[in-house]
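Chemist: Quick one: the structure is below, and I'll ask about it shortly.
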Amino acid sequence: MRLVAPGVSADVDLVNGGRLRSLEIAGTEILVTDTGDPLTWGCYPMAPWAGRTGNGRFSFAGREHLLERTLPPHAIHGTVWLRRWEQVDEATIATDLGGGWPFAGSVRQRFRLTESSLRVDMMLDAVEAMPVVLGWHPWFRREIGAGTASIDIDAAFVLERGPDDLPTGRRVAPGSGPWDDCFGGVSRFPSIVWPGLRLTIGSTCAYYVVYTAHPDGVCIEPQTAPPNALNGGADVLAAGERRRVSMEWRWSKPAPGGVLGAP
């Protein structure tokens, strides 16, 4: 599915997880494109859970459930980023949650592109009662032209990450990175900044996971609860309920005739 606005274009990949495959601003690609590993490119939705679930295990309504360990020893980022989606209309796509999730439900995403913003709304409809954590996982290019990305985030705390890469539950002061950490208490929406371009990532989510340890890309991932929240902290939907979450990227346009990444 292709979206076009003045000076901007975006492609949504229905086959590979309903992800943003490309976002070009003034002719410059800002997303990491297909790497051959679905974990490390584009911007994909995370549902019905986001981040890691420890050892692929969680309990709900008195029963223990096992998930596929997609990043051993943990399960990661839900099921829909690995599913085929269907186009519903000119701006909406949908899929069910698949057999890798023990509860029936479906997800929709709706996209809106303008010359200075991209908005995505995600709605999960629960056929059966279930815990839910929603979010998105964008991979932004570390380098654009001659410029290197930096992260601008002002948060009250980071959730301490244990040796198993799961939050310990302890809140600590943010460090200087590199990060693979969950930030909370943000005072303003975080941004990724290259020379000549600032992109701000707004959302209705309370948490942002920031990942800067990859040589080619950096990630700012809005999500409704921290990693491992299926084991405490997820929203709980009753059968027939819906959870909605929104993300909006806003960018400053380069000067006329300018090149993104130029000082």
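Chemist: Of all residues being in contact with a Ser or Thr (Cβ under 9 Å, 6 or more places away or on another chain) and at negative phi in the range 46-62, which is surrounded by the fewest Cβ atoms within 10 Å (Cβ to Cβ)? Just the residue, please.
Modeler: Only one residue tops the list, namely Pro48.
Chemist: Is it the case, given these coordinates, that Phe103 is farther than 25 Å from Arg141 by Cβ, in contact (Cβ under 8 Å) with a residue 60 or more places away in the chain, over 20 Å from the mean Cα position of the chain (by Cα) and surrounded by 14 or more Cβ atoms within 10 Å (Cβ to Cβ)?
Modeler: Considered against the rule, which asks whether it is farther than 25 Å from Arg141 by Cβ, in contact (Cβ under 8 Å) with a residue 60 or more places away in the chain, over 20 Å from the mean Cα position of the chain (by Cα) and surrounded by 14 or more Cβ atoms within 10 Å (Cβ to Cβ), Phe103 comes out as no.
Chemist: While we're on this one: From the list Leu39, Leu20, exactly one residue is in a strand (DSSP E or B), of a type outside the set (Val, Ile, Thr) and either surrounded by 20 or more Cβ atoms within 10 Å (Cβ to Cβ) or out of contact with any His (no Cβ under 6 Å at 6 or more places or on another chain) (or both). Which is it? Step through it out loud before you land on a result.
Modeler: Details: Leu39 fails: in a strand (DSSP E or B).
Sole residue among the options that is in a strand (DSSP E or B), of a type outside the set (Val, Ile, Thr) and either surrounded by 20 or more Cβ atoms within 10 Å (Cβ to Cβ) or out of contact with any His (no Cβ under 6 Å at 6 or more places or on another chain) (or both): Leu20.
Chemist: Hey, another quick one. Those residues that are in contact with a Phe, Trp or Tyr (Cβ under 9 Å, 6 or more places away or on another chain) and over 18 Å from Gly240 (Cα atoms), I need them from the range 110-139; list them, please. Break it down stepwise before answering.
Modeler: We begin by selecting, within the range 110-139, every residue in contact with a Phe, Trp or Tyr (Cβ under 9 Å, 6 or more places away or on another chain); these are 116-122, 126-139.
Ser116, Ser117, Leu118, Arg119, Val120, Asp121, Gly135, Trp136, His137, Pro138, Trp139, listed by residue number.
Chemist: Considering (1) of a type in the set (A, V, I, L, M); (2) closer than 21 Å to Thr40 by Cα; (3) surrounded by fewer than 21 Cβ atoms within 10 Å (Cβ to Cβ), say which one Ile144 fails and leave the rest.
Modeler: The single condition Ile144 does not satisfy is (3).
Chemist: Out of Thr92, Thr114, Thr70, Thr168, report the one residue that is under 22 Å from Thr35 (Cβ atoms) and hydroxyl-bearing (Ser, Thr, Tyr).
Modeler: Thr70 is the lone residue from the list that is under 22 Å from Thr35 (Cβ atoms) and hydroxyl-bearing (Ser, Thr, Tyr).
Chemist: Next question, about the same structure. Which one of these does Glu248 not meet: (1) farther than 26 Å from Asp34 by Cβ; (2) among the charged types (D, E, K, R); (3) at pLDDT 95 or above?
Modeler: Unmet for Glu248, out of (1) farther than 26 Å from Asp34 by Cβ; (2) among the charged types (D, E, K, R); (3) at pLDDT 95 or above: (1).
Chemist: Then there is this: On the basis of being touching a Gly at 6+ places or on another chain (Cβ under 8 Å), polar (S, T, N, Q) and either crowded, with 17+ Cβ neighbours inside 10 Å or in contact (Cβ under 8 Å) with a residue 40 or more places away in the chain (or both), does Thr212 make the cut?
Modeler: Considered against the rule, which asks whether it is touching a Gly at 6+ places or on another chain (Cβ under 8 Å), polar (S, T, N, Q) and either crowded, with 17+ Cβ neighbours inside 10 Å or in contact (Cβ under 8 Å) with a residue 40 or more places away in the chain (or both), Thr212 comes out as yes.
Chemist: For the range 87-202, which fully contained strands (runs of 3 or more DSSP E) count at least 2 residues that are among the small types (Gly, Ala, Ser) and modelled with pLDDT of 95 or more?
Modeler: Result: 105-113, 117-126, 155-161, 180-186.
The values are calculated or read from the model by the stated rules, or taken from the named source; none is laboratory data. Please read these numbers as outputs of a predicted model, since none were measured by experiment. Here Cβ is always computed from backbone atoms with ideal geometry, including for glycine, and neighbour counts include all displayed protein chains.
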